[in-house]
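J.: Starting off with a structure, shown below.
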Amino acid sequence: MAEAEEALRTLAHNVRTARNRAGLSLDELGRRAKVSKGALVGLEKAQGNPNFATLVRLADTLGVSVSALMEGPSEGRVRIVTADATTPLWTGGKGSEARLMLTTSGPAPVEVWRWKLEPGEEYPSHPHQPGVVETVSVTSGRMTLVVDGIEHPVEAGQTAAFDGDAPHTYRGSGDETCHLIMTVHLPPGPAGTA
């Protein structure tokens, strides 16, 4: 429980810092990110439990990566992250999940995610800021990637890349669990300043 409280305090500090850096009031951030002011006040006081979609909208609005909102200070030159040590940021009703493993530093950061999609379960994502590019590399099973309403089957051993500023959905296909590595390439600029 202490670990979850510490993570929430880190998130609260990082959201407040990014909001102040962007020069946004709570009202303005809430309006742009489509998050209630009450939820933002609670979040900045390390209260509540924001969902994955809320974190993505806040990160996009603030021009930072999701992990920039969640991580404490860097601990050295090499970071090794174990999947079991990261909390899923999204879980589906059938057992699907998404874990943000890490985000690289530098002017154009890259988020590295591990996803598990059960057959028939899907995660619809809202469009990201312009310049975001995503890749999905299926390591086992099959998925259907839906970008701008068009379905693209992606099988084990295949990688797909697409512009993340279009509506997109990840859906488990076939009859076995799909495992994939997803990367989110953030554009240089404000996102790289976190």
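The values are calculated or read from the model by the stated rules, or taken from the named source; none is laboratory data. In this text, all values refer to a predicted model and were calculated from it rather than measured experimentally. Every residue, glycine among them, receives a Cβ derived from its backbone with ideal geometry; neighbour counts consider all protein chains shown. Only protein heavy atoms, including side chains, enter the accessible area calculation; ligands, DNA and RNA are left aside. Shrake-Rupley method; radii C 1.70, N 1.55, O 1.52, S 1.80 Å.
J.: Kindly rank 169-178, 84-93 from highest to lowest mean number of other beta carbons found within 10 Å of each residue.
T.: Ranking the peptides 169-178, 84-93 by packing returns 169-178, 84-93.
J.: Could you list the square roots of 5 times each eigenvalue of the Cα gyration tensor of the stretch 72-194, that is, the equivalent ellipsoid semi-axes, sorted largest first and rounded to whole Å?
T.: After diagonalising the Cα gyration tensor, the semi-axes are 24, 18, 12 Å.
J.: Label-point separation (nm) for Lys37 and Ser25, each offset 7 Å from Cα along Cα-to-Cβ?
T.: Here the answer is 0.7 nm between the modelled labels.
J.: Once you put a point 7 Å from the Cα of Glu6 and another 7 Å from the Cα of Lys45, both along the Cβ direction, what distance in nm separates them?
T.: Using points 7 Å along Cα→Cβ, the separation is 2.5 nm.
J.: Tell me what the chain gives for mean residue ellipticity at 222 nm when only DSSP H runs of n ≥ 4 count, each as -39,500 (n - 2.57), the sum divided by the residue total, rounded to 500 deg cm²/dmol.
T.: It comes out at -8000 deg cm²/dmol, rounded to the nearest 500.
J.: Pick out, from Val15, Gly93, His128, the residue whose Cα sits farthest towards the positive end of the charge dipole of the chain, with +1 on the Cβ of Lys and Arg and -1 on the Cβ of Asp and Glu.
T.: Val15
J.: To the nearest 0.05, what FRET efficiency results for Phe52 and Glu176 with a Förster distance of 30 Å applied to their C-beta separation?
T.: The formula returns an efficiency of 0.80 here.
J.: When you have a sec, figure out the Kirkwood radius of the stretch 87-134 from all distinct Cα pair distances and drop it here in Å to one decimal?
T.: Computed over Cα pairs of the stretch 87-134, the Kirkwood hydrodynamic radius comes out at 12.4 Å.
J.: Roughly how many whole Å is it from the C-alpha centroid of the stretch 26-40 to that of the stretch 107-132?
T.: The two parts, judged by their Cα centres, are 23 Å apart.
J.: Quick one: with all protein chains in place, what share of the accessible area of the stretch 23-144 is carbon or sulfur, to the nearest percent (1.4 Å probe)?
T.: About 52 percent, which is the carbon plus sulfur part of the accessible surface.
J.: Take every Cα-Cα pair in the stretch 17-70 and report what % of them are more than 13 Å apart.
T.: 55
J.: Can I ask one more? Cα to Cα, under 22 Å, and not fewer than 8 places away if on the same chain: which lysines meet these conditions relative to Lys116?
T.: Output for Lys116: Lys94.
J.: Moving on to the next point. Separation between the Ala156 and Ile80 pseudo-spin-labels, each 7 Å from Cα along Cα→Cβ, expressed in nm?
T.: Distance between label points: 2.7 nm.
J.: Using modelled amide H (1.01 Å from N, peptide plane; none on Pro or chain starts), what sits under 5 Å from the amide H of His128, excluding residues fewer than 5 places away?
T.: Asp165, Ala166
J.: Could you report the chain's accessible area per residue, 1.4 Å probe, as an integer in Å²?
T.: 52
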